[in-house]
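To start, the structure itself, in structure tokens.
The values are calculated or read from the model by the stated rules, or taken from the named source; none is laboratory data. Just so it is clear, the structure is predicted and the values come from calculations on it, not from any experiment. To get the accessible areas, we keep the full protein, side chains included, count just its heavy atoms, and leave off ligands, DNA and RNA. Shrake-Rupley method; radii C 1.70, N 1.55, O 1.52, S 1.80 Å.
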Amino acid sequence: MGCFTFIKVMMILFNLAIFLGGGTLLGVGIWVSVDGQSFVNIFGALSSSVLQVVNVGYFLIVIGSILLVIGFLGCCGAQKESKCLLIMFFSVVLIIFIAEIAAAVVALAYTGLAETLLTAAVTPLLKEKYGTDKSFTEIWNITMNEVKCCGLTNYTDFTGSPWNKDNEGYPPACCDNQSPCNETLAAERNVTGCFDQILDEIRTNAGVVGGVAAGIAALEIASMAVSMYLYCHLDKK
């Protein structure tokens with residue numbers, strides 16, 4: 001088996017796996033969008049909370065569709081030895097690669113802006129729904145207990161919320177799970193907000209995050225290199 005044939009076969013198999021994975025995500029996304037209650041029944045209360053915060057169905061449909069397109073272009077382009085499909089595959093992966101780099105730069109450069117926008121969007125929701133909306137309250141309790149944090153910035157995010165009014169205090173997580181959690185104890189414990197805590201976790205695990213990002217980038221670069229190799233060598237066959 002020649003080098004060209006070997007690379008062609010690897011390209012087909014790799015993109016076939018991407019195509020199947022994309023089809024799976026698309027199917028799950030459509031299922032969640034059409035019949036979200038069945039999804040909740042299978043995966044429990046946490047899934048209900050997640051669906052309240054992020055529209056998982058549409059997110060999976062978008063990601064699945066992108067993977068389907070990439071897998072189709074790469075697999076068919078290599079199989080049919082089509083220069084048009086190969087260059088389209090290269091272009092789509094390149095656009096995604098550039099978008100990822102841009103997103104990483106924006107995330108690093110505008111962390112403060114992200115916190116400001118999140119505070120403006122999330123804090124009013126905490127004051128309005130925490131303590132009355134069961135799903136919303138549950139996902140925040142799970143998040144605060146797992147991440148060891150309190151609110152988005154600190155305990156004051158809950159001031160004026162239904163929970164604060166009904167219990168005359170704050171969630172136990174704001175007092176290191178000590179109850180009752182009043183304002184004095186919450187101020188004394190000064191538990192870190194979830195936004196800062198998540199950032200700290202990311203910084204602590206920067207090696208893992210960086211390794212995953214580098215791995216994805218390497219796969220994308222390798223895919224572009226292979227597609228360009230096949231594209232350039234088709235005329236030499």
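When a 1.4 Å probe is rolled over the protein heavy atoms, the share of accessible surface on region 138-237 that falls to carbon and sulfur comes to 55 percent.
Based on the alpha-carbon gyration tensor of region 146-237 and its eigenvalue square roots a ≥ b ≥ c, which shape applies: rounded if a/c is under 1.5, prolate if not and a/b is larger than b/c, or oblate? Prolate, because a/c is 1.5 or more and a/b exceeds b/c. A 1.4 Å probe run over the protein chains yields, for region 157-210, 59 Å² of accessible area per residue, whole-number rounding. The share of alpha-carbon pairs in region 118-170 lying farther apart than 13 Å comes to 55%.
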